[in-house]
C-alpha cells in the first residue's frame, strides 16, 4: 500500500517511488494542456517515457482513449489486443518493452484533467490492492491539479515546478508553423506524420527541428497531415 498518498503526488522526483509502491515497472502522468492529447508531465523511467512518446507520435493507444472517454483503460497484455483497435500501435509493439498498460483518468465529474499510466514489462492483471492504490493515487493527483495546477502549467503564469516533458515538442511545433506557414494544429500533424514516416519518435523529431538539423517545408518528404489517425 502507498504509505503517503499525498506525498506520492508531490513531484516528479517521486514518480519512481510511485512505480515501486504500485509494483509497476514504470509510471507516467500526463495532463490536458489545450490539445487533444495528454502532455507528459512526469515519467519514472525510460520504458514508460518511450511508451508515452509512442502514443503521442501515433495519436492512439490506451492513454489516448482514457483521456478521450474519461474511463479507465486496462490492457493486461498488449500483444493480445485486437489489431484493429490500435492498428498503428500494434505495428510498433514488437520493438517495445512495455507489455501491460493500465490507464486511469484524473477527473472531477465529467472534466478530465489528465491520465495516470502504469506500465509493466510482464503481462498480467492488476491485483485488487494495486487497483485500490492506483485509484487512491489518482484522487491525490487530481486534487493536486485542482488545488495548485500542474507544475509548469500554473494558471497564474508562474511555474511551481519543472516544465512539461514535451516542452520541446511545443517549441518545434511553433518553428514548424512558421516554416510551413500553417496553423499550430496543422504543424503538429506534420511533425507527427514526419516522425511516423521516418521511423522516429515525436520527441526525437522535435529535437532535430529545435537544433535546426531538420527543417519542414512544403514538399518535405513525409506523409501528409491527413494520414493522422485521430
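The residue that is modelled with the highest pLDDT, among those in the range 210-227 that are closer than 18 Å to residue 54 by Cα and crowded, with 17+ Cβ neighbours inside 10 Å, is 222. Of all the residues in the range 11-29, those that are at pLDDT below 85 and not in a loop (DSSP other than H, G, I, E, B) number 7. Filter the range 15-63 down to residues that are closer than 20 Å to residue 125 by Cα and free of Cβ contacts under 8 Å to residues at least 60 places away in the same chain and give me whichever is farthest from the chain's Cα centre (by Cα). Filtering first and then ranking leaves 20. Just checking, which of 169, 178 is more than 21 Å from residue 59 (Cα to Cα) and modelled with pLDDT of 70 or more? That would be 178, the only listed residue that is more than 21 Å from residue 59 (Cα to Cα) and modelled with pLDDT of 70 or more. Considering (1) part of a helix (DSSP H, G or I); (2) under 19 Å from the mean Cα position of the chain (by Cα); (3) modelled with pLDDT of 75 or more, the lone condition that residue 196 does not fulfil carries the number (3).
The values are calculated or read from the model by the stated rules, or taken from the named source; none is laboratory data. For clarity, every value in this text was computed on a predicted model and none was experimentally measured. Don't worry about glycine lacking a Cβ; one is built from the backbone with ideal geometry, like all the others, and counts go over all protein chains shown.
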